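Novice: My questions all concern the structure below.
The values are calculated or read from the model by the stated rules, or taken from the named source; none is laboratory data. These numbers come from a predicted model, not from an experiment. Quick reminder, even Gly has a Cβ in these numbers, built from the backbone with ideal geometry, and neighbours come from all protein chains shown.
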Amino acid sequence: MDALHELINLLPFRTIHQLKKYFYRFDQTAREWDSVIVTDMNHTYLKLAKIVFPNTILVVDKFHIINALNRVFRSCLKSLK
């Protein structure tokens, strides 16, 4: 979604090869803008974003951070029982 909360695109694929092909459609100037990308914690997405968008700030969305923390807390609680 953009700053106006409108969906820009929903990609039907997730492989790094397909994602690279999609994002390299944009010219280098557009990919080198200072920007912010919000993503989930998928290692492939984070790695790809650093390669394709070198000047971007990567932000993991709050849902995935809270979800990961909840899993850790539950695991700790189980180990204390």
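Novice: Scan 35, 75 and give me the residue that is hydroxyl-bearing (Ser, Thr, Tyr) and touching a Phe, Trp or Tyr at 6+ places or on another chain (Cβ under 9 Å). Reasoning before the result, please.
Specialist: Numbers: 75 fails: touching a Phe, Trp or Tyr at 6+ places or on another chain (Cβ under 9 Å).
Exactly one residue qualifies, and that residue is 35.
Novice: Right, next: Spot the failing condition for residue 41; the list is (1) over 9 Å from the mean Cα position of the chain (by Cα); (2) surrounded by 12 or more Cβ atoms within 10 Å (Cβ to Cβ); (3) not in a helix (DSSP H, G or I), and only one is missed.
Specialist: (1)
Novice: Let me ask something else about it. Only residues that are over 25 Å from residue 62 (Cα atoms) and exposed (fewer than 12 other Cβ atoms within 10 Å of the Cβ): list them for segment 25-38, please. It would help to see each step written out before you state the result.
Specialist: Step one: list which residues in segment 25-38 are over 25 Å from residue 62 (Cα atoms), which gives 25-30, 32.
Scanning segment 25-38 gives 25, 27, 28, 29, 30.
Novice: Something else about it: When the residues of segment 72-81 are narrowed to those that are charged (D, E, K, R) and surrounded by fewer than 10 Cβ atoms within 10 Å (Cβ to Cβ), which ends up modelled with the lowest pLDDT?
Specialist: Here is the first cut: in segment 72-81, the ones charged (D, E, K, R) are 74, 78, 81.
Pick out the ones that are also surrounded by fewer than 10 Cβ atoms within 10 Å (Cβ to Cβ) and you get 78, 81.
Numbers: 78: 92, 81: 77.
So, considering only residues that are charged (D, E, K, R) and surrounded by fewer than 10 Cβ atoms within 10 Å (Cβ to Cβ), the one modelled with the lowest pLDDT is 81.
Novice: Is at least one residue of segment 10-19 touching a residue at least 12 places away in the same chain (Cβ under 8 Å), surrounded by 12 or more Cβ atoms within 10 Å (Cβ to Cβ), more than 15 Å from the chain's Cα centre (by Cα) and not in a strand (DSSP E or B)?
Specialist: No, every residue in segment 10-19 fails to be touching a residue at least 12 places away in the same chain (Cβ under 8 Å), surrounded by 12 or more Cβ atoms within 10 Å (Cβ to Cβ), more than 15 Å from the chain's Cα centre (by Cα) and not in a strand (DSSP E or B).
Novice: Could you grab me the full set of residues in segment 52-67 that are in a helix (DSSP H, G or I), surrounded by 12 or more Cβ atoms within 10 Å (Cβ to Cβ) and either modelled with pLDDT of 90 or more or β-branched (Val, Ile, Thr) (or both)?
Specialist: Answer for segment 52-67, where residues must be in a helix (DSSP H, G or I), surrounded by 12 or more Cβ atoms within 10 Å (Cβ to Cβ) and either modelled with pLDDT of 90 or more or β-branched (Val, Ile, Thr) (or both): 52, 65, 67.
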